[in-house]
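One structure is given here, and the rest of the page talks about it.
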Amino acid sequence: MSIQEAEAKVRKIDEEIRQLEQKDAPDVDLATIKNELEKAKNTILTKAYANLSSYDKVYLARKPTRPNVRDYIENLFDHFFEQRGDRLYRDDCSIIGGIAMFRDMPVTVIGHQKGKSLEENLLCNFGMPNPEGYRKSLRLMKQAEKFKRPIITFIDTAGAYPGIEAEEHGQGEAIARNLMEMCNLTVPVISIVIGEGGSGGALALSVANRIWMLENAVYSILSPEGFASILWKDSARAQEASEIMKLTAQDLYAFDIVDVIVKEPMGNLNEHAEVIYAQLRDLLGNELTALCRLSERALLEQRYKKFRSIGDCSGI
Amino acid sequence: MEELFKERREKLNIIKNLLRKPKEEKKTANTSSVPEGLYTKCPECEQGYLSEDVQKNFYVCPGCGHHFKITAADRIQMLVDKDSFREITPRLRTQNVLGFPNYTQKLSHLEKTTGLNDAVVTGVAKVGGCRVVLGVMDSRFLMGSMGSVVGEKITRAIEYATKRRLPLLIFSASGGARMQEGIISLMQMSKTSNALAKHNAAGLLYISYLTHPTTGGVTASFASLGDIMLAEPRALVGFAGPRVIEQTIKQKLPEGFQRSEFLQQQGFLDQVVERKKMRATIALLLKLHAREAAL
């Protein structure tokens, strides 16, 4: 049973419970029936979550109800001060960034923003940045370096936007510049993949000392649809593509790209998000303390080595 | 093991022959993009020309100036001082981490037909008497896509240049990151760009030379980071491919969109350089950056 089928069943049970509660039937043992139904719900979810396919995770990672970057900023930090604009051309809302307090430490926070309503979606281009977004993020990172603030980025994008203006303004150059400049940042950088990590558009915010990933988030070279379209000229084979792409948190952990997998509770993540926030508060607390102890040189060396070792080919 | 070495030696010999004996190269450099046979039809102006004339003209159409795609070996031979090229780290193999079906067989087949071990040839050479570390991509090899071997070879070339304080010149020709190696390919963008960050911080020159076509993850990493940005005329250069953009915005793209001349107009290229001026241009740039010149 796919996760979507399981979710449909759970919705049906929820509906049954609701109807039961509305019915005025004194001879029925409401509590017992409700209890049974809740148990059934739990069994279905447990089974579905224990057997998630990669494609299920693509679905979960993209779910619009998942906590987004704004939720994380609100729940993990205090006094967020948003900074806008790339100082060159315009402000790109698909990337949000600013300064905030984590406990007693000022940090720079940057993340992809997809938006939750259609209006928000349109405003932030469904989280697909233009070059201005990457240039804004680089501006904020350089400023973080100036004021010695650690940088925390939240990754959640289908990819960089493929549009005429994006090309005219140097989408490739903007991403490349981020990759090169992030390597030299003398402050700690931590990236957290909270939903969809799509292609160069995600990578441009994740050249980090530590990369963490939510249990059901995905991170891939391209969307499964794009992958299927390039290799098999058929984007409808996205499900098949997901299964061979090795895009789950567990896959990336096995490749040593991801350092920590953040456990997700079952069911609607937005209803149990505190479980995630609590883990992240602990992780951030520990890791920021540890990374801030490193010398600038050690910090740079650690980040360089992390990426340098990926895809080391055996000599013959 | 012995057999592997033998195979590799044979391949190296093919490359060496290509580089050192220009007359033999016509017979062995056998691809659809490079003119062969007595006559060559230009895909741009559709006129037929004597192949010999096209070849003498640096594989540029004598009529309309269309730049044919060329192999890495041809480019190196056109560019470097005679007998000065030495290949570095040729013996790398991908791990095929996705276990992608038929991928290893495909690579073996391409190795045999192209004489390359992957989509880039790296080495050191002299151009106009100046030493330079060279990376030349070859689009015959899976569209020049960047997997772990391309990423590793380019990174090692950059690190070699940084360590020996040499200038770096990379000719890109690539469809982008290689799908068959998934996330590992994507991470090569970061790996190569990070190596460039160190080369850059060491105060060394990097010339990025874009050739047709350069797109995707290669555009979004090392290809866009040159101190000097050059491109061949009419080369397609962009992040997203034209087909993807057309599908996204549901309209036709304007003529000349994502071509070198367009990029230059937009401010992303120093110069568009014709192939016949390639050698002289590189020699001049290396001379202008030679440390002796600065003193």
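The values are calculated or read from the model by the stated rules, or taken from the named source; none is laboratory data. Just so it is clear, the model here is predicted, and its values are computed rather than measured. No Cβ is skipped: glycine too gets one built from the backbone with ideal geometry, and neighbour counts run over all protein chains shown. To get the accessible areas, we keep the full protein, side chains included, count just its heavy atoms, and leave off ligands, DNA and RNA. Shrake-Rupley method; radii C 1.70, N 1.55, O 1.52, S 1.80 Å.
Before moving on, here are some points about what is shown:
- Alpha carbon Rg of chain B, scaled by the compact-globule rule 2.2 N^0.38 Å: 0.97
- The mean count of C-beta atoms from other chains within 10 Å of the C-beta of residues in B:236-246, rounded to a whole number, is 5.
- Taking B:187, A:128 and ordering them by how much accessible surface each has at a 1.4 Å probe, largest first, produces A:128, B:187.
- Cross-link pairs beyond the 22 Å C-alpha cut-off, checked among A:9/A:47; A:136/B:252; A:9/A:246: A:136/B:252; A:9/A:246
- Potential lengthening between residue A:298 and residue A:32 on full extension [0.36 nm per residue; Cα-Cα distance subtracted]: 89.7 nm
- Furthest towards positive pole of dipole, B:268, B:208, B:136, structure part the stretch B:69-294, Cβ charges: B:136
- Using 0.36 nm per residue and subtracting the Cα-Cα separation, the extra length available between residue A:5 and residue A:21 on full extension is 3.3 nm.
- By a 1.4 Å probe calculation restricted to protein chains, residue A:17 has an accessible surface near 10 Å², given to the nearest 10.
- Shielding value for A:220-226 is 4, the average number of Cβ atoms from other chains within 10 Å of each residue's Cβ.
- Trypsin sites (Lys or Arg not before Pro) within the stretch A:29-71: DSSP coil, no more than 10 neighbouring Cβ in 10 Å: none
- Counts of other chain beta carbons within 10 angstrom of each beta carbon in peptide B:258-268 average 2.
- Cβ-placed point charges (K, R +1; D, E -1), dipole of the protein assembly as shown about Cα centre in debye, nearest 20: 2800 debye
- For the peptides B:249-257, A:208-216, A:261-269, residues were scored by their other Cβ atoms within 10 Å and the scores averaged per peptide; the highest-first order is A:208-216, A:261-269, B:249-257.
- A Förster radius of 41 Å combined with the Cβ-Cβ distance from residue B:106 to residue A:101 puts the calculated FRET efficiency at roughly 0.20.
- Chymotrypsin sites (Phe, Trp or Tyr not before Pro) within the stretch A:1-84: DSSP coil, no more than 16 neighbouring Cβ in 10 Å: none
- Simple label model, 7 Å out from Cα along Cβ direction - residue B:38 to residue A:272, nm: 7.7 nm
- Each Lys and Arg Cβ is given +1 and each Asp and Glu Cβ -1; about its Cα centre, the stretch B:69-186 then shows a dipole of about 240 debye.
- Average accessible area per residue (Å²) across the stretch B:69-294 - probe 1.4 Å, nucleic acids and ligands excluded: 36 Å²
- Under 5 Å, built H, 5+ apart or other chain: amide partners of residue B:178: B:146, B:147
- Centroid-to-centroid separation of the stretch A:209-273 and the stretch B:238-258 [C-alpha atoms, Å]: 27 Å
- Near the amide H of residue A:157, within less than 5 Å, lie the amide hydrogens of A:196, A:197, A:198, all on another chain or at least 5 residues away, with H placed in the peptide plane.
- Heavy-atom accessible area, probed at 1.4 angstrom with all protein chains present, ranks A:28, A:193 as A:28, A:193, highest first.
- Peptide packing: for B:48-56, B:170-178, B:91-99, A:162-170, the average count of neighbouring Cβ atoms within 10 Å per residue gives the ranking B:170-178, A:162-170, B:91-99, B:48-56, highest mean first.
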